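Q: Below you'll find the structure I mean.
The values are calculated or read from the model by the stated rules, or taken from the named source; none is laboratory data. Note that the coordinates shown come from a computational prediction; the quantities given were computed from them, not determined experimentally. Cβ atoms come from the backbone with ideal geometry, glycine included; neighbour counts cover every protein chain shown. Accessible surface is based on the protein model in full, side chains and every heavy atom, while ligands, DNA and RNA are left aside. Shrake-Rupley method; radii C 1.70, N 1.55, O 1.52, S 1.80 Å.
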Amino acid sequence: MITDKRKVVLVGTGMVGMSYAYSLLNQNVCDELVLIDLDRKRAEGEAMDLNHGLAFSAANMKIYAGDYTDCSDADIVVICAGVAQRPGETRLALLQRNAKVFRSIVDPVTSSGFDGIFLVATNPVDIMTKITCMLSGFNPRKVLGTGTALDTARLRYLLGEYLRVDPRNVHAYVMGEHGDSEFVPWSQAQVATKCITEICEENPEIDRKRLSEIEKEVQGAAYKIIEAKNATYYGIGMAMTRITRAILGDENSVHTVSAMLKGEYGQTDVFCGVPSIVNKNGIQRVLTLSLTEEETERLGQSCQVLRDSYEELARDGQGAES
Ligand code: NAD
C-alpha cells in the first residue's frame, strides 16, 4: 500500500459510484474515501450523506469531496464517471464523448503523482480500460476494468438457483467483452470440483437447454434491468467492492476483471474479461484456462469485436494515442 491508510479516490458520484461508496462503507473496506465529480456540489452532498451514516456503521472512514491532487497518495483510483447515451446517439458517438471525459480525468490523476491501481467501471468498460491504460502510460497490470465480474456473479447466481447449490460453490466464468459477445466456457464450469457437463450427463432431469438459456439471461440481464429501472448499479457497486478488497487486502484472489492479454489464449493488446489473480499490484497474472477449440475461437471473436471498436475510435482521432 502507498501509505498505512487504505485510500480510495472515486471519480464519478452517480448511481454506480455511490452504490460502490455505500458498499465500501458498509463493508469497512478502506480508511479514506475521496469523492470527485464534475458536479462538485453533488460530490459534497454525497460525502455529507455517507458521513451521517458513520455512526451506524462498523467503519471509521474519513469521507470527503476532494480534487485530483488527493490522488497523489491514493492506493486506488476508481473511475465510474461518464456521460449517458443521448436519444438516437450511435455507440461510436457515445464512445467518443466518454473518451474525452477520460482525458479530463486521467491526465490530472497522473499529474498528481498517483502511482497506485486504476479500476474502471465506465462502459464500454473494456475499451475505457484500454483508454485509461494508454492515457496514463501505466504498466497494463496496474490498470483493470470490472470486465465480466458482474456477469460472472449473475451466472453463478442463476446456476446456483437452477442446480440448488450455493452460488459460492459454483465455479464458472463469463469471459470476453462485457457486452453482447461475452460467453460461458462450459467446459470450465464446475460445482465444487465436479464439471457441470458431467453433472448433466449423470442427471437427465438437468436440461442442457436450460444452461444455454441461463447464458442468454446473463447476456441480457443489463437490458432487462435498464428496461425496468433505467440503470443498474447495486450489483456492479458490490463487484467493484469485491475487487477493491482483493487489491487492498493483497488477496491473490481470482476475478474476471478486464485485463490486457499479452499472448494468453493467443490474443495480444486487447483488454477483456478473463479470470485473473488480483492483488496489491493489480493483476498479478492472467490465468490461462484449458478452453476447448470452440471456446478459444469464441474468445477470439469477442476480442476482435473489441479491437474493431477501439480501432474505429482511433481512426476517428479519439483514440488515446492521438
Ligand atoms: P450517472 O450518470 O448516474 O453518473 C455519472 C457521473 O459521472 C455523474 O455524476 C457525472 O456528473 C459524472 N461525470 C461526468 N463527466 C465527468 C467528468 N468529466 N469528470 C468527473 N465526473 C464526471 O451514471 P451511472 O449510472 O453511475 O453509470 C456510470 C457508468 O458506469 C456508465 O458508463 C455505465 O454504463 C457504467 N456501468 C458499468 C457497469 C459494468 O459492469 N462495468 C454496470 C453498470 C453501469
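Q: For the range 279-319, which residues satisfy the criterion of being polar (S, T, N, Q), open to solvent by 60 Å² or more (accessible area, probe 1.4 Å) and either part of a helix (DSSP H, G or I) or modelled with pLDDT under 95 (or both)?
A: Gln301, Gln304
Q: Moving to a separate point now. Give the range 52-74 a look and list any residue that's touching a residue at least 24 places away in the same chain (Cβ under 8 Å) and open to solvent by 90 Å² or more (accessible area, probe 1.4 Å), or say none.
A: Step one: list which residues in the range 52-74 are touching a residue at least 24 places away in the same chain (Cβ under 8 Å), which gives 53-54, 57-74.
Correct list: Ala58, Asn60, Lys62, Thr69.
Q: Only one of (1) within 15 Å of the ligand (Cβ to nearest atom); (2) out of contact with any helix residue (DSSP H, G or I) (no Cβ under 8 Å at 6 or more places or on another chain); (3) open to solvent by less than 10 Å² (accessible area, probe 1.4 Å) is not met by Arg97, so which one is it?
A: Evaluating Arg97 over (1) within 15 Å of the ligand (Cβ to nearest atom); (2) out of contact with any helix residue (DSSP H, G or I) (no Cβ under 8 Å at 6 or more places or on another chain); (3) open to solvent by less than 10 Å² (accessible area, probe 1.4 Å) leaves (3) as the failure.
Q: Could you tell me which of the residues Ser290, Ser309 is over 29 Å from Lys100 (Cα atoms) and small (Gly, Ala, Ser)?
A: Numbers: Ser309 fails: over 29 Å from Lys100 (Cα atoms).
It is Ser290.
Q: Could you tell me how many of the residues in the range 242-264 are within 13 Å of the ligand (Cβ to nearest atom) and over 21 Å from Thr288 (Cα atoms)? So that I can check it myself, show each step before the final result.
A: Residues of the range 242-264 within 13 Å of the ligand (Cβ to nearest atom): 242-243, 255-258.
Narrowing the set further to residues that are over 21 Å from Thr288 (Cα atoms) leaves 242.
Going through the range 242-264 one residue at a time, the tally reaches 1.
Q: Another one. Return the residue satisfying two criteria in turn: it lies in the range 7-24 and is touching a helix residue (DSSP H, G or I) at 6+ places or on another chain (Cβ under 6 Å) and open to solvent by 10 Å² or more (accessible area, probe 1.4 Å), and of such residues it is farthest from the ligand (Cβ to nearest atom).
A: Residue satisfying both the conditions and the ranking: Ser23.
Q: Scan Ala192, Ala172 and give me the residue that is small (Gly, Ala, Ser) and either within 16 Å of the ligand (Cβ to nearest atom) or open to solvent by 20 Å² or more (accessible area, probe 1.4 Å) (or both).
A: Numbers: Ala172 fails: either within 16 Å of the ligand (Cβ to nearest atom) or open to solvent by 20 Å² or more (accessible area, probe 1.4 Å) (or both).
Within the list Ala192, Ala172, the selection yields Ala192.
Q: Residues to consider are Lys142, Lys194; find the one that is more than 21 Å from Phe271 (Cα to Cα) and of a type in the set (Lys, Arg). Reasoning before the result, please.
A: Working: Lys142 fails: more than 21 Å from Phe271 (Cα to Cα).
Exactly one of Lys142, Lys194 is more than 21 Å from Phe271 (Cα to Cα) and of a type in the set (Lys, Arg), namely Lys194.
Q: Mind counting the residues in the range 234-268 that are touching a residue at least 24 places away in the same chain (Cβ under 8 Å), surrounded by fewer than 19 Cβ atoms within 10 Å (Cβ to Cβ) and within 20 Å of Ile131 (Cα to Cα)?
A: Summing the residues that are touching a residue at least 24 places away in the same chain (Cβ under 8 Å), surrounded by fewer than 19 Cβ atoms within 10 Å (Cβ to Cβ) and within 20 Å of Ile131 (Cα to Cα) in the range 234-268 gives 1.
Q: I'm trying to understand the selection: among the residues of the range 175-217, which are in a strand (DSSP E or B) and among the small types (Gly, Ala, Ser)? Don't jump to the end; show me each part of the working.
A: First, the residues of the range 175-217 that are in a strand (DSSP E or B): 175-176, 183, 190-191, 194-195.
Selection gives Gly176 alone.
Q: A follow-up question, please. Give me the pairs: first residue in the range 10-24 and more than 16 Å from Lys62 (Cα to Cα) and modelled with pLDDT under 95, second residue in a loop (DSSP other than H, G, I, E, B) and open to solvent by 10 Å² or more (accessible area, probe 1.4 Å), beta-carbon distance under 6 Å, and six or more apart or on different chains, which are they?
A: Between residues of the range 10-24 that are more than 16 Å from Lys62 (Cα to Cα) and modelled with pLDDT under 95 and residues that are in a loop (DSSP other than H, G, I, E, B) and open to solvent by 10 Å² or more (accessible area, probe 1.4 Å), there is no close pair.
Q: Restricting to the range 51-65, give me the number of residues that are of a type in the set (Gly, Ala, Ser) and part of a loop (DSSP other than H, G, I, E, B). Outline the logic, then answer.
A: So the first thing to find is which residues in the range 51-65 are of a type in the set (Gly, Ala, Ser), and the list is 53, 55, 57-59, 65.
Among the residues that remain, those that are also part of a loop (DSSP other than H, G, I, E, B) are: 53, 57-59.
So the answer is 4.
Q: From the list Asp4, Asp49, which one is within 16 Å of the ligand (Cβ to nearest atom) and over 20 Å from Ile105 (Cβ atoms)? Talk me through it step by step, then tell me what you get.
A: On the way: Asp4 fails: within 16 Å of the ligand (Cβ to nearest atom).
Selected residue: Asp49, the only one of Asp4, Asp49 that is within 16 Å of the ligand (Cβ to nearest atom) and over 20 Å from Ile105 (Cβ atoms).
Q: Let me ask something else. Of all residues in the range 25-46 being open to solvent by 60 Å² or more (accessible area, probe 1.4 Å) and touching a strand residue (DSSP E or B) at 6+ places or on another chain (Cβ under 7 Å), which is nearest to the ligand (Cβ to nearest atom)?
A: Among them, the one singled out is Arg40.
Q: Name the pairs whose Cβ atoms lie under 7 Å apart, with the first residue in the range 180-195 and within 16 Å of Asp151 (Cα to Cα), the second open to solvent by 60 Å² or more (accessible area, probe 1.4 Å) and basic (Lys, Arg), and 6 or more positions between them or separate chains?
A: From the range 180-195, the pairs are Phe183/Arg298.
Okay, residues lined up against (1) within 10 Å of the ligand (Cβ to nearest atom); (2) free of Cβ contacts under 8 Å to residues at least 24 places away in the same chain; (3) crowded, with 24+ Cβ neighbours inside 10 Å:
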{"residue": "Arg86", "(1), (2), (3)": "no, yes, no"}
{"residue": "Gly113", "(1), (2), (3)": "no, no, no"}
{"residue": "Val120", "(1), (2), (3)": "yes, no, yes"}
{"residue": "Pro140", "(1), (2), (3)": "no, no, no"}
